1. Taking only Cα atoms, what is the 0 to 90° angle, nearest 10, from helix 220-231's long axis to the longest principal axis of the chain?
2. Please report how far the C-alpha centroid of the range 130-180 lies from that of the range 187-234, rounded to the nearest whole angstrom.
3. Using label points projected 7 Å from each Cα along Cα→Cβ, tell me how many nm separate GLU185 and ALA210, to one decimal.
4. Under the rule of at least 5 residues apart or a separate chain, name every residue whose amide H is placed under 5 Å from the amide H of VAL94.
5. Under the Karplus relation 6.51 cos²θ - 1.76 cosθ + 1.60, θ = phi - 60°, what is the ordered set of whole-Hz ³J(HN,Hα) values for the range 166-179, x standing for Gly and Pro?
6. DSSP loop (so not H, G, I, E, B), at most 13 other Cβ within 10 Å: list which chymotrypsin sites (Phe, Trp or Tyr not before Pro) in the range 67-147 pass both filters.
7. Which log10 I(q)/I(0) values does the chain give at q = 0.08, 0.09, 0.17 Å⁻¹ under the Debye formula, counting every alpha carbon as one identical point scatterer?
8. Quick check: the distance between the Cα centres of the range 83-100 and the range 15-71, to the nearest angstrom?
Amino acid sequence: MTLSPPRILLVHGAWAGPWVFDRLADALRGRGFTVDAVALPSIGSTADMYADAAAITEYLDAAEGPVTLVAHSYGGIPTTQAGDHPAVAQVVYVAAFALDAGETLQQAVGGGVPEFWGIADGMVSMGRSREERIAMVSADLPADAPAGLAEMIADTFRPQSLGAFTSPVTRVAWRAKPTAYVLTEQDALVPTAFQEHLVARSGATVVRVATGHTPFEDDPVWFAGVLADVIAPAEVTR
């Protein structure tokens, strides 16, 4: 029996947008998957995590057929909140916050206000300056990354609602759905030890990759293959 590849919804992380997945989405479509990416409303506004979860739910309500949610970084939180939806076949976390009920992003990063959060008008910026933001991005990129890439990526980031980082999870998808976790072993932003904790607690099937925080930026074609192996059964035609 030959199955159709499942539909994938990509959920981006903090300060970013669906455009971070453009090259990955193209590579996945080349393998036969139907791929969409959601824009989380907490980016550039004071909407909270529940608004982000509602955006995912809106997509799932209209979905034709089962959906695999692929969530990166912060995107794991609204995905955890919304991902117990009947349309969801599987949840895949990529260096993502697979939190439990009652937990918030702020608690997960230590409970206080991290030094690199620039807070103003109810919103949080990555880094208190452009220079700090570039340095954070650069620290996570491969040593052979093109010159200027860190600046280009850092300049796409936008402030995000503080409320998104302080909204507690109330529903836990990984307790209800088959779950996989792509653990990034050279991550300068979400420590590997913390990711290991999330994997152990959730019981997720783990795939370890020797990359920084954004493997889909480093090599989207290769990472599409990693995801295809996680998501699609062997009999799916790719």
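1. 60 degrees
2. A separation of 14 Å, based on Cα centres.
3. Distance between label points: 0.6 nm.
4. Placed amide hydrogens put ALA71, HIS72, SER73, VAL182 under 5 Å from VAL94.
5. Calculated HN-Hα couplings, in order: 10, 7, x, 5, 10, 10, 10, 4, 5, 7, 10, 10, x, 9 Hz.
6. none
7. Relative scattering, expressed as log10 I(q)/I(0), comes to -0.27, -0.34, -1.32.
8. What the calculation gives is 12 Å, centre to centre.
The values are calculated or read from the model by the stated rules, or taken from the named source; none is laboratory data. Only a predicted model underlies this, so the values are computations on that prediction, with no experimental measurement involved. In this analysis, Cβ positions are derived from the backbone assuming ideal geometry, glycine residues included, and neighbour counts consider all displayed protein chains. To get the accessible areas, we keep the full protein, side chains included, count just its heavy atoms, and leave off ligands, DNA and RNA. Shrake-Rupley method; radii C 1.70, N 1.55, O 1.52, S 1.80 Å.
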